[in-house]
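> Please read through the structure below; I'll follow up with questions.
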Amino acid sequence: MKLVALLTLLGLCVGAAYAQSPYGGPWTMEWNFDSDMEGWVGSGGSVGWVGSVGGRSGAIYAPEAQYARFDTLGTILQNKLTDVGSDWFVVQCDVYVGNDMFLQGSGISVAREGDYKGPWCTGTAASNQGMAGNDKSWYNTTRNKSWGLAVGQWTTLQIDYGYSRPGYFTVGYTACEGNAAGWTAGSWQWAIADGHNAETHPSQIFRWLQIGGGVSGAQTGLAQAYFDNVRVAVAPEPGSLFALGTGLIGLLGGVRRKK
Ligand SMILES: [Ca+2]
């Protein structure tokens with residue numbers, strides 16, 4: 001067990017050292033929607049669960065301006081969706097729009113109570129087929145990356161709130177199978193990257209996760225989009241870091257005793 005703790009600690013260090021790469025786990029909570037909506041609630045009658053789409057089993061259909069929302073109150077994520085103190089979080093989701101549509105205005109967001117503002121990541125208009133991101137709870141400049149969102153394939157959207165760079169947020173997506181713009185399959189593209197100086201909210205704790213159309217609070221979704229594999233990671237509890245440290249000290253002590 002102590003060796004596992006040490007390896008986990010080393011893994012965390014490596015993760016911090018290579019923060020330029022998109023966060024890839026471990027995840028604190030995941031939803032694969034393989035049998036139902038798994039606690040997510042639709043905003044309208046068109047939102048629902050589908051058994052299969054785009055070569056995958058189980059997904060949430062959230063068309064046009066309708067979305068599905070998950071309440072983190074009472075879960076392990078409660079009060080953890082924040083970049084306050086030593087906390088950070090990463091949210092990602094796979095999205096599919098079929099062959100004849102673009103991801104216009106639909107995507108993912110994290111929202112606070114009251115006005116539901118927070119960081120978001122959505123597709124842009126069909127005229128530039130890209131992606132946009134912002135955090136209207138604090139940062140007020142919407143950033144766009146034109147071209148590259150391919151159709152007819154699953155694309156992964158990600159919001160990195162303080163992980164890659166503490167105090168800043170990053171929004172991006174993978175061009176899963178490559179596209180006409182010449183971007184390599186599986187490569188990440190960023191609408192907001194570290195260099196954009198997009199600061200995270202200094203005191204906000206977010207409550208809700210949202211997938212679908214209209215999740216930015218400003219744009220109206222136009223896509224007939226499907227969502228699968230929502231994954232959320234939050235900073236480890238100080239208690240578990242303390243346990244890791246204690247395990248490491250214990251392990252070193254054990255090594256020393258053997259000499
Ligand atoms: Ca699924």
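> Pairs only if they're at least six apart or on different chains, beta carbon under 7 angstrom, first in the stretch 22-40 and touching a residue at least 60 places away in the same chain (Cβ under 8 Å) and part of a loop (DSSP other than H, G, I, E, B), second among the aliphatic types (A, V, I, L, M) and within 11 Å of the ligand (Cβ to nearest atom); list them, first residue then second.
Once the first residue is touching a residue at least 60 places away in the same chain (Cβ under 8 Å) and part of a loop (DSSP other than H, G, I, E, B) and sits in the stretch 22-40, its partners that are among the aliphatic types (A, V, I, L, M) and within 11 Å of the ligand (Cβ to nearest atom) give F33/A59; F33/I60; W40/I60.
> Scan the stretch 99-128 for residues that are within 25 Å of D71 (Cβ to Cβ) and either charged (D, E, K, R) or free of Cβ contacts under 8 Å to residues at least 40 places away in the same chain (or both) and jot them down.
R112, E113, G114, D115, K117
> Answer with yes or no whether F33 is under 23 Å from Q153 (Cβ atoms), among the hydrophobic types (A, V, I, L, M, F, W, C) and either more than 12 Å from the ligand (Cβ to nearest atom) or out of contact with any helix residue (DSSP H, G or I) (no Cβ under 8 Å at 6 or more places or on another chain) (or both).
In short, yes.
> Could I ask something else about it? Which condition does D71 not pass, out of (1) farther than 11 Å from D228 by Cα; (2) within 12 Å of the ligand (Cβ to nearest atom), if it passes all the others?
With (1) farther than 11 Å from D228 by Cα; (2) within 12 Å of the ligand (Cβ to nearest atom) applied to D71, the lone miss is (2).
> Please verify whether the stretch 215-226 includes one or more residues that are at pLDDT 75 or above, within 16 Å of the ligand (Cβ to nearest atom) and surrounded by 15 or more Cβ atoms within 10 Å (Cβ to Cβ).
Among the residues of the stretch 215-226, at least one is at pLDDT 75 or above, within 16 Å of the ligand (Cβ to nearest atom) and surrounded by 15 or more Cβ atoms within 10 Å (Cβ to Cβ), which makes the answer yes.
> Show the residue pairs that are 6+ apart or on different chains and have beta-carbon atoms under 7 Å apart, the first residue being within the stretch 83-98 and touching a residue at least 60 places away in the same chain (Cβ under 8 Å), the second being of a type in the set (D, E, K, R) and assigned to a loop (DSSP other than H, G, I, E, B).
Pairs that qualify, where the first residue is touching a residue at least 60 places away in the same chain (Cβ under 8 Å) and the partner is of a type in the set (D, E, K, R) and assigned to a loop (DSSP other than H, G, I, E, B), are D87/K80; F89/K80.
The values are calculated or read from the model by the stated rules, or taken from the named source; none is laboratory data. This is a predicted model, so every value here is computed, not measured. Here Cβ is always computed from backbone atoms with ideal geometry, including for glycine, and neighbour counts include all displayed protein chains.
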